[in-house]
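Here is the structure we will look at, set down as structure tokens.
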Amino acid sequence: MIPRPALSRFFQILLLLVIISGFAPHGHGQPQVAVENRDERVVAVVPMIGAGTAADPKRPMFVPWGPNAHKDLLESGILSFSFQLSDDGRSAIVEFVARDRKALAPILNANRADVKAFVRGQDSRQTIDTELRRHKRDIDLDQVVHPRHKAAATWTAPAAGGGQ
């Protein structure tokens, strides 16, 4: 038989563990981050490239093509893209989605007059819509953002924000 003080001590420790476990965070009780809020997004106006042949089709700059296009896209860190052709057909309005901002560096740091990139949370919606309408008359940001990502399309900038 177990001595009474030892049994009492056992129940005290057990009670303490039950109480502490009640305050411990549980994975199943924590809300998950919505998919549309996990990734980095850039809307960019980029020139169309390619010769227009089967071997080199016209496509937006920064979008790979060829037998390894899917692999190249994944290796670059870009998860997806969607685009609309501009009114004159010489440029495209593209939404690039990447796991992190590093993958979008070639677009953000293009340092070309024909590439304009806008970052969610940094550039204002008005700035973006104004630039998009220079290339496609009847467009706004809601038409560019992939429907699955519209919930995340909060394109608001801090007071000192602006386009690139």
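Values in this text are rule-based calculations from the coordinates and carry no lab data. All of these numbers come straight from a predicted model, not from anything done at the bench. Cβ placement follows ideal geometry from the backbone for every residue including glycine, while neighbour counts extend to all protein chains displayed.
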(message) For a quick size check, give me the Cα extents of the stretch 37-152 along its three principal axes, largest first, whole Å.
(response) 38, 33, 28
(message) Give me the one-decimal nm value for the distance between modelled label points at Asp114 and Lys102, 7 Å along each residue's Cα-to-Cβ direction.
(response) 3.1
(request) Determine the percent antiparallel among the DSSP beta bridges restricted to the stretch 37-152, to the nearest 5. (result) 100
(request) Kindly write out, for the stretch 114-126 in residue order, the coupling ³J(HN,Hα) from the Karplus curve 6.51 cos²θ - 1.76 cosθ + 1.60 (θ = phi - 60°), rounded to whole Hz, with x marking Gly and Pro. (result) 8, 10, 10, 10, 10, 9, 4, x, 10, 9, 6, 4, 4
(request) Name the long-range amide H neighbours of Leu79: under 5 Å, sequence gap of 5 or more, or other chain; modelled H, no Pro or chain starts. (result) Val97, Ala98, Arg99
(request) Please tell me the relative contact order of the stretch 37-152 in percent, rounded to the nearest whole number, where contacts are Cα pairs under 8 Å and at least six residues apart. (result) 31
(message) Quick query: amide H of Lys136 versus all other amide H atoms, modeled in the peptide plane; which residues come in under 5 Å with a sequence gap of 5 or more or a different chain?
(response) Asp87
